[in-house]
Amino acid sequence: MSLQSSTPAPSTEEVRWDLTFDIHLGATWSRFMAGLIDRVIYGTTCSACGRTSVPPQAFCESCFEPVDRWVELATEGVVEAFTVAQLGFTGGPTPPYVIAGIRLDGADTLLMHWLAGIDLSDDAAIADLVGRRVRAVWAQERTGRILDIAHFTPVD
Ligand SMILES: [Zn+2]
């Protein structure tokens, strides 16, 4: 009996995981999520260096000092980075879709979120996304989760 086969040995095996689990938000992110219910985007400003972060941070990512100064940020900002995702995931939008790093007015950090209202068949529209002003579009029903902001869309 021969150990050789005309079929190559498999080197990978597809595995799918569908997990549901709860993430402990902590005091800082809980307050952020509570704000979203009321259509308010909270950030935190570091008293030591002045950096305003959104999502809010309990400790400054720049100077590592504790942060406890809360600020209400604008619901508009500018796209600073983006990618067009070609693959979907459970609970996500139908691909292709845009994930953008958005600098809300008054913030020093980027909020990552979905960007809708872009014609993805228009290469020029995609090429002009960086620097484009966008605004939050709120979900009709808000329950204190990041998808209380349904997505962002260009401000025309
Ligand atoms: Zn700081």
>> Can you compute the FRET efficiency between Phe59 and Arg133 using 1/(1 + (r/R0)^6), with r the Cβ-Cβ distance and R0 = 30 Å? Round to the nearest 0.05.
In response: 0.50
>> Take Gln140 and Glu76, extend 7 Å from each Cα along the Cα→Cβ direction, and tell me the distance between the two endpoints in nm.
In response: 2.6 nm
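Taking only DSSP H segments of four or more residues, each worth -39500 (n - 2.57), what value at 222 nm results for the chain once the sum is divided by all its residues, to the nearest 500 deg cm²/dmol?
So the helix-based figure for the chain works out to -3000 deg cm²/dmol.
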>> Given a Förster distance of 25 Å, report the FRET efficiency between Thr12 and Gln86 from their Cβ-Cβ distance, rounded to the nearest 0.05.
In response: 0.80
> In whole percent, what relative contact order does region 1-102 give with Cα contacts below 8 Å and a gap of six or more residues?
Replying inline: 17 percent
> Under Stokes-Einstein, with the Kirkwood radius over Cα pairs standing in for Rh, what whole-number D in µm²/s applies to region 38-156 at 37 °C and 0.692 mPa s?
Replying inline: 217 µm²/s
>> How much length would be gained if the chain were fully extended between Val155 and Asp38, taking 0.36 nm per residue of separation minus their Cα-Cα distance, in nm to one decimal?
In response: 40.0 nm
> Just how far, in whole angstrom, is region 85-140 from region 1-73 if you go by their alpha carbon centroids?
Replying inline: 18 Å
> Which one of Gly92, Val79, Ala125 has its Cα pushed farthest toward the positive end of the charge dipole of region 75-139, where Lys and Arg give +1 and Asp and Glu give -1 at the Cβ?
Replying inline: Gly92
> Counting Lys and Arg as +1 and Asp and Glu as -1, each charge on the Cβ, what is the dipole of the chain about the Cα centre in debye, to the nearest 20?
Replying inline: 260 debye
> Are there chymotrypsin sites (Phe, Trp or Tyr not before Pro) in region 44-79 that DSSP marks as loop and that have at most 12 other Cβ atoms within 10 Å, and which are they?
Replying inline: Phe64
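Bear in mind that the values in this text are calculations on the coordinates, not laboratory data. Model, not experiment: these values are computed from the prediction. With ideal geometry, Cβ positions are generated from the backbone for all residues, glycine too; neighbour counts draw on all protein chains shown.
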